[in-house]
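Everything below concerns the one structure shown next.
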Amino acid sequence: MQKFFFILLALTPALFAVSNQSKVCQKCHPAIYSEYYNSSHRKASVVNDPIHKACWNQYPKSAKGYTCAKCHSPTDKKVMKTGILTENDEIQREEPISCAFCHTIKEVDKGTLSNTNISTGKLKEFFTAEKSKKGTKTAHFETKSSWFGLIKTSQNSPYHKINYNNENYYNGNVCMGCHSHTDNNHGLDIVMLDALIDKNDKNTCISCHMPQVPGSKVTLHQSKTHAYHGIAGIHNMNKSMGKYIDFKVKQTADGFSIDVINHANHALFGQPYREGKLLVSLQRDGKTLPLKPFVFTRILAKDGKPAMPWNADATLKDTLIYAHKKIDYAQPLQKG
């Protein structure tokens with residue numbers, strides 16, 4: 001009985017680590033884990049994202065089952081293999097896209113319909129980007145002694161190895177396994193995030209959506225900043241995103257115009273049925289006069305009518321912001 005109890009205790013941590021890998025990361029990376037837990041990555045599953053669930057409920061089912069798992073819950077090995085979705089599953093709730101999944105992507109296979117992430121499958125050797133350590137050997141945990149052994153200092157993680165040499169983590173290509181094109185069976189790109197405006201742009205997915213923010217990235221040694229793992233964007237806005245878009249207002253003969261300049265390297269907002277609104281108001285005689293909002297959107301169609309993304313074979317309307325967009329307002333401005 002004692003032996004059985006001991007084996008049970010020994011197995012419990014192992015089982016926990018498999019079912020909720022990301023929770024293990026919290027001990028050494030509390031700030032990053034807290035951001036991750038409120039991010040669109042942790043909320044990507046059918047269980048956590050009501051919009052994704054609504055789309056999946058409309059999607060025509062096939063023998064392949066839940067094919068969205070490739071990007072929306074790749075950590076769920078069962079649904080990836082069988083296509084059978086269990087909505088109350090712990091992985092679907094807690095880590096549909098786990099920390100380990102993103103940090104073990106060694107390369108991205110470029111496909112015709114969509115890309116595919118190629119993982120190392122190693123649970124304790126992770127890729128990361130740190131320019132000062134690029135080109136060094138894979139970091140292992142080690143303890144160094146000084147003053148004849150009286151002082152001991154530890155370096156690197158006692159839990160996992162760290163590889164700083166994967167170029168995909170420096171140029172942002174690691175995100176392109178999911179955040180690139182997604183073509184439907186009619187050859188229409190319904191996501192269009194790889195619609196680059198300037199291929200020479202130095203901005204990447206990581207520099208824009210994971211900017212450096214205050215706080216140490218790990219408890220073992222202190223750093224002033226870390227990459228924001230809440231994934232800055234529509235779900236979690238970050239002030240640094242503002243530097244990628246500019247507005248210029250010009251008076252015209254019958255009103256005024258607004259130039260919207262997009263410094264990002266993709267269109268805004270490329271995902272289907274996502275809208276952005278430009279809100280404009282005039283201040284006059286101490287009152288605020290709101291004007292009709294301009295809506296940035298891309299509506300997909302079939303037979304000339306709006307259609308769900310998987311049925312669409314054409315674009316009915318496209319008012320997205322590419323590199324530059326000019327919007328005219330027939331509303332005369334008064335002096336001053």
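The values are calculated or read from the model by the stated rules, or taken from the named source; none is laboratory data. Computed from a prediction, not measured in an experiment: that's the story for all the values here. With ideal geometry, Cβ positions are generated from the backbone for all residues, glycine too; neighbour counts draw on all protein chains shown.
Tabulated data
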{"read-out": "Helices (runs of 4 or more DSSP H) wholly inside region 27-82 that include at least 2 residues being at pLDDT 95 or above and over 16 Å from the mean Cα position of the chain (by Cα)", "value": "30-37"}
{"read-out": "Conditions (1) among the β-branched types (Val, Ile, Thr); (2) farther than 30 Å from HIS221 by Cβ; (3) over 16 Å from the mean Cα position of the chain (by Cα): number failed by VAL108", "value": "(3)"}
{"read-out": "Evaluation of ALA323 against (1) without any contact (Cβ under 8 Å) to a residue 40 or more places away in the chain; (2) of a type outside the set (Val, Ile, Thr); (3) loosely packed, with under 14 Cβ neighbours inside 10 Å (one fails), failing number", "value": "(1)"}
{"read-out": "Enumeration of residues in region 95-115 that are exposed (fewer than 15 other Cβ atoms within 10 Å of the Cβ) and among the hydroxyl-bearing types (Ser, Thr, Tyr)", "value": "THR112"}
{"read-out": "In region 307-320, residue surrounded by the fewest Cβ atoms within 10 Å (Cβ to Cβ) [restricted to those that are of a type in the set (A, V, I, L, M) and part of a strand (DSSP E or B)]", "value": "ALA314"}
{"read-out": "Selection count, region 225-262, where residues are under 24 Å from the mean Cα position of the chain (by Cα) and of a type in the set (Phe, Trp, Tyr)", "value": "2"}
{"read-out": "Region 263-295: number of residues that are within 30 Å of LYS335 (Cα to Cα) and within 28 Å of the chain's Cα centre (by Cα)", "value": "6"}
{"read-out": "Matching residues, region 265-285, being of a type in the set (A, V, I, L, M, F, W, C) and crowded, with 19+ Cβ neighbours inside 10 Å", "value": "ALA267, PHE269"}
{"read-out": "Verdict on GLY304 being assigned by TED's automatic domain parsing to the domain that holds HIS266 and more than 11 Å from ILE190 (Cα to Cα)", "value": "yes"}
{"read-out": "Filter result (closer than 15 Å to SER281 by Cα and free of Cβ contacts under 8 Å to residues at least 40 places away in the same chain) within region 245-267", "value": "PHE247, LYS248, VAL249, LYS250"}
{"read-out": "Residue match in region 296-306 (condition: of a type in the set (Asp, Glu) and modelled with pLDDT of 90 or more)", "value": "yes"}
{"read-out": "Search result, residues across region 191-231 that are modelled with pLDDT of 90 or more, crowded, with 20+ Cβ neighbours inside 10 Å and either in a loop (DSSP other than H, G, I, E, B) or of a type in the set (D, E, K, R) (or both)", "value": "MET210, LYS217, TYR228, HIS229, GLY230, ILE231"}
{"read-out": "Filter result for THR120 (surrounded by fewer than 18 Cβ atoms within 10 Å (Cβ to Cβ), of a type in the set (S, T, N, Q) and not assigned by TED's automatic domain parsing to the domain that holds ILE206)", "value": "no"}
